[in-house]
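Below you'll find the structure, written out as structure tokens, and then a few comments.
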Amino acid sequence: MTQLANASASTVVEKLRGWNPQAVSQVVEYRGEITIVVPKELLRATAQQCRDNPALNFNLLSDATCVDRFPVEPRFELNYQLLSIPRRERVRLRTSVSIQRPVIDSLVPVWTGANWLEREIFDLFGIRFEGHPDLRRILLPDDFEGAPLRRDFPVEGKR
Amino acid sequence: MTTVETAVGATKSMVLNMGPQHPSTHGVLRVLLELDGENVIKAIPDLGYLHTGIEKSCEDKTYSQAITLTDRMDYLNPLGNNLVYCLAVEKLLGLEVPKRAQYIRVMLVELQRISSHLVWLGTHALDMGAMSLMLYCFREREEILKIFERFAGQRMMTSYIRIGGLALQPPAGWREHVKRFLDMMPPRIDEYEALLTENRIWQGRLKGVGYVSAEDLIALSTTGPGLRAAGVAYDNRKAFPYSSYEEFEFNVPTRTESDCYARYLVRVAEMRESVKIVRQAVEKITDEGAIKTEAPGIVPPEREKMKTEMEALIYHFKIFTEGFSPPPGEAFATVESPRGELGCFVASDGSPKPLRVHFRSPSFVNLQALPKMVEGQLIADTVACIGTIDIVLGEVDR
């Protein structure tokens, strides 16, 4: 299993490097999972490439989530779990945003399914997605103050 | 509060608020429907009424404590939630689970799939006006819950699957109990089909309703029976086998019509496949054997050892007071829940509490396809569409 993952990891990374050498700033492999760290500016273009390149064909965005590494800066790590149904492969794209400017390109133009996943991140982490068609809170009430899944938000809530 | 701007004047449309307390929304889903007569022009789902902050709470619990929270997300699939969380943490730790425990896990989650589909079928039939079926479905589901009670001591919030294995040895007499159920189930599924599949009202309510093309479903990240009813044979159990699914023989039922009727047929066929898997699992599970992996400091030791070995006692104390600390890193595990791809992302910073636990819940993601399904259809079809997406609001809102 790990062997297989290694072999295909190199093809995904190779294809992306071949397309744009700047797109892959780092490759992390841990427990058989491949994480490709992408610069923030190139996220949407890289995602588009992952979906449209016939050799990659990541046609489904399985999940998008954020990890708050407070107090490390840039503290927000966005993880996108890509899935290729025809090629039966997964890969993770990762990029970081800082608290000073918590803004990132939306992936809704690439996968429509990113819509609610990004709204959830916006709702719980307060990260804005540029180019999102309908960026509103989704789980919390509209008048809720703060972003509860940030690490500096108390578990018991603010009183 | 989600609101809709409506046109005024001659082309005035009406906004109808469906839910959050509406029986056919299966919980507390609110859908804003903009209507032109009986036709839906626009549908806007509004969620969050059941948001309980499970992901945030997980960050304040040790890895083992968080298992009990996973039960409470998708309350029709608690064992599946336990499984995906444990698989993610086991991946993070690099643990291997004994084969016997893996087979028991498979058997239980497949029974859970049958019970979840039974609830779906019963409630959906009720929505469509076939009341007797709900009584039949809940009768059979009760038998499955009795099996769970026998295994875990709990009918619903089982927390039976633990990090590194299972909570308890299987109870005495489980094999006969499960076999009795397996012999009972296939004729009962035939009975449901006799009531519904060729039923003209049933077909009239479901056929051609809620069509979405396979391309749109993939773009919307839909997985599970909804996607398989559109002809895409994607199933995590086959594509990325976990918990020894590669050793089991089963088919992935698909249809191509992609309407509510096709989703119904796929789910009924899946129940039959699950019966097949459980039957194989019953044969594979040996009478004796380990149900937990040997991992001192992570998996609690046997009671017997604690009374005789000092080390075991210390580990036991440490696991339940301080917890254990996986090495820093991330893991993403996925399983095929009755509703689709259920994923769990766990990030560790090397402390005994997770840095982040995120659930990719299929109900939440699949619900995105609702506007696409109902816009342009009749308001009565909205009920059919919400039903065949098969959402569990506990999981949508988490």
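General observations
- The range B:85-191: proportion of alpha-carbon pairs further apart than 17 angstrom, %: 58 percent
- Alpha-carbon centroids, the range B:15-49 and the range B:179-212: separation in whole Å: 27 Å
- Shape class for the range A:84-146, computed from the alpha carbon gyration tensor (a ≥ b ≥ c): prolate, with a/c not under 1.5 and a/b above b/c.
- Taking each of B:K91/B:K353; B:K56/B:K238; B:K307/B:K353 in turn, the alpha-carbon distance tops 25 angstrom for B:K56/B:K238; B:K307/B:K353.
- The range B:339-398: C-alpha pair distances exceeding 18 Å, %: 48 percent
- Counting beta carbons within 10 Å around each of B:W202, A:W111 and listing the fewest first gives the order B:W202, A:W111.
- Residue order, fewest to most surrounding Cβ atoms within 10 angstrom, among A:D68, A:D143, A:D134: A:D143, A:D134, A:D68
- Overall Cα dimensions of the range B:142-298 - principal axes, largest extent first, Å: 54, 35, 28
- Counting only alpha carbon atoms, the long axis of helix B:310-321 and the longest principal axis of chain B meet at about 30°.
- A:K158 paired with A:A45, simple spin-label distance in nm, labels 7 Å along Cα-to-beta-carbon: 3.8 nm
- Peptide B:52-60 - average C-beta neighbours from other chains (10 Å radius): 3
- Here the Kirkwood formula puts the hydrodynamic radius of the protein assembly as shown at 24.4 Å, using every distinct Cα pair.
- Distances between every pair of Cα atoms in chain A, grouped in 5 Å steps from 0 to the bin holding the largest one, split as 2, 9, 18, 21, 19, 14, 9, 5, 2, 1, 0 percent.
- Column: log10 I(q)/I(0), Debye, Cα scatterers of the range B:245-316, q = 0.15, 0.19 Å⁻¹: -0.69, -0.82
- In the range B:281-398, the C-alpha radius of gyration followed by the widest Cα-Cα span (Dmax) gives 21.8, 70 angstrom.
- Average beta carbon contacts from partner chains per residue of A:25-37, 10 Å cutoff: 3
- The residues B:V396, B:V383, when put in order of fewest to most other Cβ atoms within 10 Å, stand as B:V383, B:V396.
- When you restrict to C-alpha pairs under 8 Å that are six or more residues apart and normalise by the size of chain B, the relative contact order lands at 25 percent.
- Shielding of A:55-67 by partner chains, average beta-carbon count, 10 Å: 5
- For the range B:6-144: relative contact order, % (alpha-carbon pairs under 8 angstrom, 6 or more apart): 12 percent
- Taking 20 Å as the straight-line reach from the Cα of B:K284, the aspartates and glutamates in range (excluding those fewer than 8 positions away in the same chain) are B:E96, B:E110, B:E176, B:D183, B:E246, B:E247, B:E249, B:E273.
- Within straight-line reach of B:K207, meaning a Cα separation under 19 Å, sit the following lysines at least 8 residues removed in sequence or on another chain: B:K372.
- Using alpha carbons only: equivalent-ellipsoid semi-axes of the range B:1-130, gyration tensor based, whole Å: 41, 20, 11
- Rg and Dmax over the alpha-carbon atoms of chain B stand at 22.2, 85 Å.
Values in this text are rule-based calculations from the coordinates and carry no lab data. It should be emphasised that the depicted structure is a prediction, and the values quoted were computed from it without experimental measurement. For neighbour counting, all protein chains shown are included, and Cβ atoms are generated from backbone atoms with ideal geometry for every residue, glycine included.
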